[in-house]
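Let me begin by presenting the structure, written as structure tokens, before commenting on it.
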Number of protein chains: 2
Amino acid sequence: MAKLNENYSKLPATYLFTEIGRRVAKFKSENSSADIIRLGIGDVTQPIPQVCIDAMHAAVDEMSRAETFHGYGPEQGYDFLIDAIIRSNYAGLGIERDEIFVSDGSKCDCGNIQEIFSTDSKIAITDPVYPVYLDSNVMAGRTGDLQSDGHFAGVTYLPCTAENNFAPELPKSRVDMIYLCCPNNPTGTTLSKSELQKWVNYARENESIILFDSAYAAYITEAGVPKSIYEIDGALDCAIEFRSFSKTAGFTGIRCGYTVIPKTVCGRDRDGNLKPFNPLWNRRHTTKFNGTSYITQKGAAAIYTPEGQSQVKSLVGYYMENARIIREGLQKAGLEVYGGINAPYIWLKTPNQMKSWDFFNKLLTEVKIVGTPGAGFGACGEGYFRLTAFGDRQNTLRAMERIQNDLRF
Amino acid sequence: MAKLNENYSKLPATYLFTEIGRRVAKFKSENSSADIIRLGIGDVTQPIPQVCIDAMHAAVDEMSRAETFHGYGPEQGYDFLIDAIIRSNYAGLGIERDEIFVSDGSKCDCGNIQEIFSTDSKIAITDPVYPVYLDSNVMAGRTGDLQSDGHFAGVTYLPCTAENNFAPELPKSRVDMIYLCCPNNPTGTTLSKSELQKWVNYARENESIILFDSAYAAYITEAGVPKSIYEIDGALDCAIEFRSFSKTAGFTGIRCGYTVIPKTVCGRDRDGNLKPFNPLWNRRHTTKFNGTSYITQKGAAAIYTPEGQSQVKSLVGYYMENARIIREGLQKAGLEVYGGINAPYIWLKTPNQMKSWDFFNKLLTEVKIVGTPGAGFGACGEGYFRLTAFGDRQNTLRAMERIQNDLRF
């Protein structure tokens, strides 16, 4: 008899955003006239840059003529896109063409990367964090069962709270894979160059690999905050980086991201020999993936023109102005807030130590605003709440008015 | 120290199409004026249907305005596409909306599906066959090492040769997962309704799951040949089906496919309880995938309009006329050929029992035609050779002239 992958049964039945959707739908059905403002899910709302629109129209037209038609492309992505990425994001950082793998999005890459590690690898994740890192490892059998404290057995959790300024401490016992998300989803905070250096040093000393998700790098506004892990000395030996066009250029519905794996990042084989991870990812990418849409890649490459860079800057600027409005609005309302300076996420401490799902209900019922309970991102997210800057200006302003005028706590 | 997934090292170093590319490049460098005709890789060459072009232009425009912008879509695909798929391909077959999962291509789905099965599942694959089924299971550790006969230990191979009319026999000892590719890549042959019934009966008696890849269903021209496994009695209990827009509508560079998992397809959990695979795939799809590009899905849905169906028919007809030209051309040249009637692949027996790589070299050097050695698809493909009907008409005709006039054997 065919057997199911039992590891899936370890995962909690309800997914965070499904549960949010269920509660909002219920509220809506009982309050049909309620004017709900959604600042919950981290999805963009503004049109993508005009350069991308133009490039995609041109690419669609190429598909309509045999002379310019594009069939299967290289699974790793077209050189026109890879070269533009290197030129714009990795100049002088020592990244080569065959170290970049274009994909249909960072979520896929973050979820799939664990496949090239041995099943008995020990993982560390920050808490709270984007759930894909953990869930994909649960599915692959790298964890034990879910414990009553909300943690999976066998996983090293690295708490990130206001108490440690959202800078995780090094793990007490060594780990093989370390997921760092910076700028962080959900806390909206970043790690300084010296904090990251501490992690790179740890990884090199312990032969660990850092899986660095910088999907929100475009939102860094302060000078000195690293956008790439490869700005840190020694990272070329121990770090894999994930980047995305989703938030940079509004590509959540168009799907494009990429993974950087320097050929100098190595692991041990069973005989103890050091071997690079890059050829394994290349093998995975060519065997289980068939390249990103040509049209999408043409659209993505367009952001690296001078005009594209200026349009991206303006798009990111729009959302970051929302972030400022939310941050200052919440502060005026008397709430304690974090993030929102180098990231489109604002992380607030719930008032009066409310549970984060209770605060969700309060916000929804009292001021008709949908946010995301911190507990949904991990046990250490309890007592926190996430709002996103991805709404439109009007709704963002209205949401802050409601919180300042009508929310009682 | 971080450890690599050792299973990857079991895979042969060179991938079939990489090796073909290497040999062609070498020949080209030594014979720079050679006029090479490529009938090797199974990639389309003709423009996609105009309805898709129009729909994708409209979708790109939607992305340029906030009011019509689309961010994250449902990971499972938009209902407009799912409903069109059901209406056109599964009417009366009992498939429901939540049993269809749209993806960025069948290769990904065929490669990923094994994740929802337990690691100790026994797999059966036809030989020769599309390499992704086997390779993805090797990577996941469901096989032993590669043996000297070209087979992996622990895998049940089902030979498909001219001797058994390319209809595999049932396995002698029971298996959990059975990969069937029909119409078959590379042999271009199909299985009759009664042959498929035999497999469904086997699967139900043995609680096995059939993984049915019908990416080439649109190329079936003969009446009575099933396009879907769900045309077979009992298949709703034991079969998962993969379909693709790649060959149907020329989407190899645009990326869209889908997987059908009826909720009645079950496996055993560790306590022996029957549980459906559908929620596991849904969990995988929502955790490690973020939906197919909205633009792509709009393009795909367009083929289900009456105009779209007529354009697809004409596109498929173009390639199938190539298939006829190749089949009859090879027969005239005195070769023994199979396939090419319900599939865009022509599978020929090499003359004088030549090794398939030797025939590759002969064809390349004597008549400058690139094809694919049968041995690249499995040990039982030795002594066979694949040509594809995806070239343009002119080149297909010229290739047959060369084979008839200039190839000596």
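The values are calculated or read from the model by the stated rules, or taken from the named source; none is laboratory data. Here the structure is a predicted model, which means the values were calculated and not measured. Cβ atoms come from the backbone with ideal geometry, glycine included; neighbour counts cover every protein chain shown. Ligands, DNA and RNA are stripped out before the accessible areas are found, and what is left, the full protein with its side chains, is counted by its heavy atoms. Shrake-Rupley method; radii C 1.70, N 1.55, O 1.52, S 1.80 Å.
Packing around the peptides B:26-37, B:272-283, A:371-382, taken as the average count of other Cβ atoms within 10 Å per residue, puts them in this order, highest first: A:371-382, B:272-283, B:26-37.
Above 26 Å lies some portion of the pair distances; for chain A, what is it as a whole percent of all C-alpha pairs? I get 55 percent for the Cα pairs in chain A exceeding 26 Å. Two numbers describe the Cα atoms of the protein assembly as shown: Rg and Dmax, which are 27.0, 90 Å. Each chain gives up part of its surface: B and A jointly bury about 6800 Å² of accessible area, both sides summed, for a 1.4 Å probe.
Net charge dipole, the stretch B:197-300: roughly 540 debye, given to the nearest 20, about the Cα centre with Cβ charges of +1 for Lys and Arg and -1 for Asp and Glu. Mean partner shielding of peptide A:71-77, defined as the number of other chain Cβ atoms within 10 Å of each residue Cβ, is 4.
Using only side-chain charges placed at the Cβ, +1 for Lys and Arg and -1 for Asp and Glu, the dipole size of the stretch B:28-167 relative to its Cα centre rounds to 240 debye. Look at the stretch B:52-65: the mean tally of other chain Cβ atoms within 10 Å of its residues' Cβ atoms is 5.
Partners of residue A:28 within straight-line reach, counting aspartates and glutamates whose Cα lies under 17 Å from its Cα and excluding those fewer than 8 residues away in the same chain: A:19, A:366.
Charge dipole (Cα centre; +1 on Lys/Arg Cβ, -1 on Asp/Glu Cβ; no other charges) of the protein assembly as shown amounts to roughly 40 debye.
Peptide B:311-322 is shielded by partner chain Cβ atoms: per residue, an average of 0 of them sit within 10 Å of its Cβ. In straight Cα distance, which lysines are under 21 Å from residue B:298, not counting same-chain residues fewer than 8 positions off? Counting by Cα, and skipping residues close in sequence, residue B:298 has these lysines nearby: A:298, B:107, B:247, B:313.
Available extension along the chain between residue B:145 and residue B:205 is 18.6 nm, counting 0.36 nm per residue and deducting the alpha carbon span. In whole percent, what relative contact order does the stretch B:52-304 give with Cα contacts below 8 Å and a gap of six or more residues? RCO, the stretch B:52-304: 27 percent. Taking B:3, A:313, A:288 and ordering them by how much accessible surface each has at a 1.4 Å probe, largest first, produces A:313, B:3, A:288. Across the identical copies, the 7 Å label point of residue A:141, projected outward along Cα→Cβ, sits 0.5 nm from its counterparts, in ascending order.
In nanometers and ordered shortest first, the copy-to-copy spacing of the residue A:358 label point, defined 7 Å from Cα toward Cβ, is 8.1.
Only DSSP H runs of four or more residues enter the estimate; each adds -39500 (n - 2.57), and after division by the residues of chain A the mean residue ellipticity at 222 nm equals -11000 deg cm²/dmol. Using a 1.4 Å probe on the protein heavy atoms, what percent of the accessible area of chain A belongs to carbon and sulfur? In chain A, the share of accessible area belonging to carbon and sulfur is 48 percent.
Legend: residue pairs A:122/A:198; A:288/B:263; B:332/B:362, Cα-Cα distance threshold 22 Å; pairs beyond threshold, A:288/B:263.
In loop segments of the stretch A:65-111 as defined by DSSP, the GluC sites (Glu not before Pro) with at most 15 further C-beta atoms inside 10 Å of their C-beta are A:96. Counting from the shortest, the label point at residue A:233, 7 Å from Cα toward Cβ, is 7.6 nm from the same position in each remaining copy. Residue A:49 sits among other residues whose Cβ lies under 12 Å from its own Cβ, and their net charge, with Lys and Arg +1 and Asp and Glu -1, is -1. Rounded to the nearest 0.05, the FRET efficiency derived from the C-beta distance between residue B:231 and residue A:6 at R0 = 25 Å is 0.15. Note on the stretch B:3-127: the C-alpha convex hull projects to 15.1 nm² when averaged across all orientations. At a probe radius of 1.4 angstrom, the accessible area of the stretch B:228-296 per residue rounds to 24 square angstrom.
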